[in-house]
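Encoded as structure tokens, the structure appears first; notes follow it.
The values are calculated or read from the model by the stated rules, or taken from the named source; none is laboratory data. Note that the coordinates shown come from a computational prediction; the quantities given were computed from them, not determined experimentally. Every residue, glycine as well, gets a Cβ built from its backbone with ideal geometry; the counts of neighbours run over all protein chains shown.
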Amino acid sequence: MLDSIIDNTAELDLVSAGIILVSAILIGLIIAFVYKITTKQLTKNFLISLGILPLLVATAIIMINGNLGVSFAVAGIFGLVRFRSIPGNSKEIIATFLTVVVGLALGRGFIGYAAAITIVASLLMIIYNYLPLGGKENERKLKVVIPENLNYLDVFDDVFSKYTVKHELEKVKTTNMGAMYELNYTIELKKDADEKKFLDDIRIRNGNLNIIMAKGGDVEAL
């Protein structure tokens, strides 16, 4: 069941190639579906990429006739394509790696291994998604830029007391050649807090300079 369907001593026949490619399509759909149900913020383009990437990797591995060294080089190239594009969060990186690994296994003819990896990884994604890990539901990371003439220690205290349960200034750094401060907070919004009004009040105070707010776990977004 876990043996390769490819005979490295002979040319790959059309039936085996067809089985591999169909398996790649089905496994790509499974990975895309699992990612969709376990991720709140996603893009359609990334889901399409997850669905197609196993097929592309498997096809590339088949075309180089199963050479193991070249296979790993090609798989590495597919992985680097993602990292050379727009930076993603850690979950996107894991999903991309999963599709590359599965595509590599399929291209080598190990359909059983590819299916097993997909099932185990998908179950882990679902389990970890529902485990009470990480920050609270209303916890956010907030990055605010203010001009240097404002006192960053208490500039937003009244706004925070109105909209948040708690707030903590974690990091301060200068930017724009010292003309501005970049403040990084961890905050917990009140249950009935209006996020738009909260950000509007921050914008009024900081002169409409840059503001970024992300879910507590999405540190990469800052």
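Of these, K166, K196, which one is assigned to a strand (DSSP E or B) and modelled with pLDDT under 95?
Exactly one of K166, K196 is assigned to a strand (DSSP E or B) and modelled with pLDDT under 95, namely K166.
Specify which of the listed residues (D200, D154) is surrounded by fewer than 16 Cβ atoms within 10 Å (Cβ to Cβ), within 26 Å of K40 (Cα to Cα) and of a type outside the set (G, A, S). Show your work before the answer.
Values: D154 fails: within 26 Å of K40 (Cα to Cα).
Sole residue among the options that is surrounded by fewer than 16 Cβ atoms within 10 Å (Cβ to Cβ), within 26 Å of K40 (Cα to Cα) and of a type outside the set (G, A, S): D200.
For segment 199-222, give me each residue that is part of a strand (DSSP E or B) and modelled with pLDDT of 90 or more.
Within segment 199-222, I211, I212, M213 qualify.
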- Message: Among the residues that make up segment 128-140, is at least one of them out of contact with any strand residue (DSSP E or B) (no Cβ under 9 Å at 6 or more places or on another chain) and aliphatic (A, V, I, L, M)?
- Response: yes
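Could you tell me how many of the residues in segment 33-54 are closer than 22 Å to L131 by Cβ, among the hydrophobic types (A, V, I, L, M, F, W, C) and part of a helix (DSSP H, G or I)? Walk me through it before giving the result.
In the first step, residues of segment 33-54 are kept if they are closer than 22 Å to L131 by Cβ; the result is 33-42.
Right, trim to among the hydrophobic types (A, V, I, L, M, F, W, C) and you get 33-34, 37, 42.
Among the residues that remain, those that are also part of a helix (DSSP H, G or I) are: 33-34, 37.
Adding up the residues that qualify gives 3.
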- From the list T59, T118, T38, which one is modelled with pLDDT of 75 or more and either among the aliphatic types (A, V, I, L, M) or within 15 Å of the chain's Cα centre (by Cα) (or both)? T38
- Per the list (1) in the same structural domain as D194 (by TED's automatic domain parsing); (2) surrounded by 12 or more Cβ atoms within 10 Å (Cβ to Cβ), residue check on T118 breaks on (1)
- Go through segment 162-193 and give me each residue that's in contact (Cβ under 8 Å) with a residue 24 or more places away in the chain, out of contact with any strand residue (DSSP E or B) (no Cβ under 9 Å at 6 or more places or on another chain) and charged (D, E, K, R). K162
- Task: Could you please find all residues in segment 121-142 being surrounded by 11 or more Cβ atoms within 10 Å (Cβ to Cβ), at pLDDT 85 or above, of a type outside the set (K, R) and over 14 Å from A95 (Cβ atoms)?
- Result: L123, E139, L142
